[in-house]
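Taken together, the values in this text are just the output of simple stated rules run on the coordinates, not laboratory data. In this text the structure is predicted, and so the values were computed from the model without any measurement. For neighbour counting, all protein chains shown are included, and Cβ atoms are generated from backbone atoms with ideal geometry for every residue, glycine included.
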Amino acid sequence: MSLLVKGGTVVGPTGTQVADVLVEGERIVALLDPQYAGPVQADEVIDATGKYVVPGGIDAHTHMELPFGGTAASDTFDTGTRAAAFGGTTTIIDFAVQRTGEVVQDGLAAWHAKAEGNCHVDYAFHMILGGVDADALKAMDQLVADEGITSFKLFMAYPGVFYSDDGQILRAMQTARENGAMIMMHAENGIAIDVLVQQALARGETDPIHHGLTRPTALEAEATNRAIALAEVAQDCPLYIVHLSASQALEHVAAARDDGRNVFAETCPQYLYLTLEDQLGAPGFEGAKWVCSTPLRSKHESHARDLWKGLRSNDLAIVSTDHCPFCFKDQKELGRGDFSKIPNGIGGVEHRVDLVYQGVVDGQLSLERWVETIATTPARMFGLYPRKGVIQPGADGDLVVYNPNGTTRISAETHHMNLDHSAYEGFEVKGRVDTVISRGTVIVADGNYHGRKGHGRYLRRGLSSYLV
């Protein structure tokens, strides 16, 4: 089968051009000048005149079916990847999990069992290390060499669940420095946070807003700085800070990058658009919908403005979602009367491409930077480039036709995530995903779904393109 996307403006990290994109089978085979008069045959032609043609989005941070807080994320690999497809994301990188006392390879096998045959788009895995010991360090080498898993996530938060102390972190970083892997870090001082949480509960402060107030920006910044220092000791181990939300943490990342360090960071749409006061501080228990970690930050401070600036300057490399949805009924409600028992997570895998495009509309980002942050840089960062993240011959035929003259209204009534509310209810984006193509197959067109469960394939990843 062949497919021709005709007349659109192809957007890449280096610029735009009006071009026709020819896909044969699953791969892009040519970009053609629209004035080319030679014979071009295709089984299907998509008219993209007046629209952008961009690489399929890559969400480098999702948590489908993640057990957490006595329940599990409400999106399965089936429902979550289908929703991702509707939003223009054609690849996700999810997290397999090892907890203390578990075998790393067993955790990976469990996540393969969840995902295999159920995904609508292509998928890969990072590995969460919840118990760093000698066996886990050996497993890191094996996963890099044999499984195509080249990034490992550690936690400075959640004592008793995923937490690693500084010694464990240093040993994992030293191993990663040797095998070329990336260490991903949840950077919050979890020991201090637990003290603040218990003190707040003892004062009777149980509403959702206290989730944010007990996770202050200073403790995100301290942990970020400590992670950067540990990575330096580990001979500049590649370090990627996940879901960065605070200006002070960003300052530490920017300083390290100015020194030429292998330090990278992502942020998420919730930190660009949502706030402590307006969402987490909503009346009653409503704020539970927006409980996530790191938490939403105050609108009276400069966090969102600084994050947009960080995206422009590349101190923030990627916009991921940290998609980890929990329904309000029966899941978020587990924390009524005790904010510390509210499952942490926000659903957004369907809306990332649109929400970052709104930054283009608002003058925060260029078109090229939009594509970089949602597709090209995730591919390069996590060993998928040039198969993914770019429109060029030889790349997978993952394409999104995006209509800048359309409008997207976000609502729980119309989204496709398995979630009974929307974190972005009522938001309107001045743009719309029209057509989504995954490996040469149209899976979304004009709001209708044409894909299938099982279309998505597991991707073995190489090392990061940014390693020094």
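Suppose every Lys and Arg Cβ carries +1 and every Asp and Glu Cβ carries -1, with no other charges. What dipole size does the stretch 56-381 come out with about its Cα centre, to the nearest 20 debye?
Dipole size: approximately 400 debye.
Can you give me the Kirkwood hydrodynamic radius for the stretch 308-378, using every pair of distinct Cα atoms, in Å to one decimal? The partial results should precede the final answer.
On the way: mean 1/r = 0.0723 Å⁻¹.
By the Kirkwood definition, the hydrodynamic radius is 13.8 Å.
Of Leu367, Ala265, Pro67, which is farthest towards the positive pole of the chain's charge dipole, taken about the Cα centre with +1 and -1 on the beta-carbons of Lys, Arg and Asp, Glu respectively?
Leu367
In percent, what relative contact order does the chain have, based on Cα pairs under 8 Å that are 6 or more apart in sequence?
Values: 1144 pairs, mean separation 102.2, N = 468.
Relative contact order of the chain: 22 percent.
Sorted by mean Cβ packing within 10 Å, highest first, what order do the peptides 365-375, 303-313, 105-115 take?
So the peptides 365-375, 303-313, 105-115, ranked by packing, come out 365-375, 303-313, 105-115.
Which three extents, in angstrom, do the Cα atoms of the stretch 56-381 have along their principal axes, listed largest first?
Here the spans come out as 51, 45, 44 Å, largest first.
For the stretch 177-217, with only Lys/Arg (+1) and Asp/Glu (-1) charged at the beta-carbon, what is the dipole magnitude about the Cα centre, in debye rounded to 20?
So the dipole magnitude of the stretch 177-217 works out to roughly 60 debye.
Which lysines does Lys6 reach when only Cα atoms under 20 Å apart count, and residues fewer than 8 places away in its own chain are ignored?
Of all the lysines, those that pass the test against Lys6 - Cα under 20 Å, at least 8 places apart if same chain - are Lys51.
Lysine pairs in the stretch 56-381 8 or more apart or on different chains: how many have alpha carbons under 28 angstrom apart?
Close lysine pairs under the 28 Å cut-off: 22.
If a/c stays under 1.5 just call it rounded; otherwise compare a/b with b/c (prolate if a/b is bigger, oblate if not). Do that for the stretch 247-293, with a ≥ b ≥ c from the square roots of the Cα gyration tensor eigenvalues.
Cα axes put the stretch 247-293 in the prolate bin.
Could you list log10 I(q)/I(0) for the stretch 208-334 at q = 0.17 Å⁻¹, which the Debye formula gives when each Cα is one point scatterer?
Result of the Debye calculation: -0.85.
Projecting each Cα onto the charge dipole of the stretch 56-381 (Lys/Arg +1, Asp/Glu -1 at the beta carbon, about the Cα centre), which of His243, Val132, Val291 comes out farthest on the positive side?
Val291
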